[in-house]
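One structure below.
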Amino acid sequence: MAVCKVKQRTHKRVCIGSLNHKIEIYVRSIKAPAKGSVDFSDEFTLKKIVWAMIESVSGETMFNASNIETVVTHQFYIRYIPGVDIVDVIVYGGLRYKIVNVENLNNENYFLLIKTSDRGDSDLAVNEF
């Protein structure tokens, strides 16, 4: 007879007082080239300004559906906002962070854990993003 073991669940907790950095969440869209040009351009629209807790991460990588490796450099914890996804971009301290993964902590709709990759300043072209 198989013996079942109780698996301990790890609950991730965030304290409201730890959300002490103001970040901006933008929606990124790509504009078609103007007539006679072949260059696409980025357009960023401000979605929300929120308070966040920021953690630096080292050594974590994630793979997307195409098995493309992305290095996670920072984690942002924010209050739950519906509709935040990997199309969005976070701007903090003059740097852009590409969203790699969004996790609803404990599926309680209180906090989001946003894993990001540092993309540098705003001078990056659309193809380098």
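The values are calculated or read from the model by the stated rules, or taken from the named source; none is laboratory data. Model, not experiment: these values are computed from the prediction. As a convention, Cβ positions derive from the backbone with ideal geometry for all residues, glycine included, and neighbour counts pool all protein chains shown.
Would segment 48-60 turn up any residue that is over 22 Å from Arg119 (Cα atoms) and either modelled with pLDDT of 90 or more or under 18 Å from the mean Cα position of the chain (by Cα) (or both)? The answer is no, given that none of the residues of segment 48-60 is over 22 Å from Arg119 (Cα atoms) and either modelled with pLDDT of 90 or more or under 18 Å from the mean Cα position of the chain (by Cα) (or both). Filter segment 94-129 down to the residues that are closer than 24 Å to Lys31 by Cβ, assigned to a loop (DSSP other than H, G, I, E, B) and of a type outside the set (Gly, Ala, Ser), then identify the one that is modelled with the lowest pLDDT. Filtering first and then ranking leaves Phe129.
Filtering segment 102-121 to residues that are of a type outside the set (S, T, N, Q) and either buried (at least 16 other Cβ atoms within 10 Å of the Cβ) or more than 15 Å from Pro82 (Cα to Cα) (or both) leaves Val102, Leu105, Phe111, Leu112, Leu113, Ile114, Lys115, Asp118, Arg119, Gly120, Asp121.
Under 8 Å between Cβ atoms, at least 6 apart or on separate chains: pull out the pairs that start in segment 27-55 with a residue that is part of a loop (DSSP other than H, G, I, E, B) and end on any residue that is of a type in the set (S, T, N, Q). That search, which allows pairs on different chains as well, returns Pro33/Ser41; Phe40/Asn127. Here's a check for you: in segment 61-89, which residue that is more than 12 Å from Lys115 (Cβ to Cβ) and part of a strand (DSSP E or B) is modelled with the lowest pLDDT? Filtering segment 61-89 for residues that are more than 12 Å from Lys115 (Cβ to Cβ) and part of a strand (DSSP E or B), the one modelled with the lowest pLDDT comes out as Phe63.
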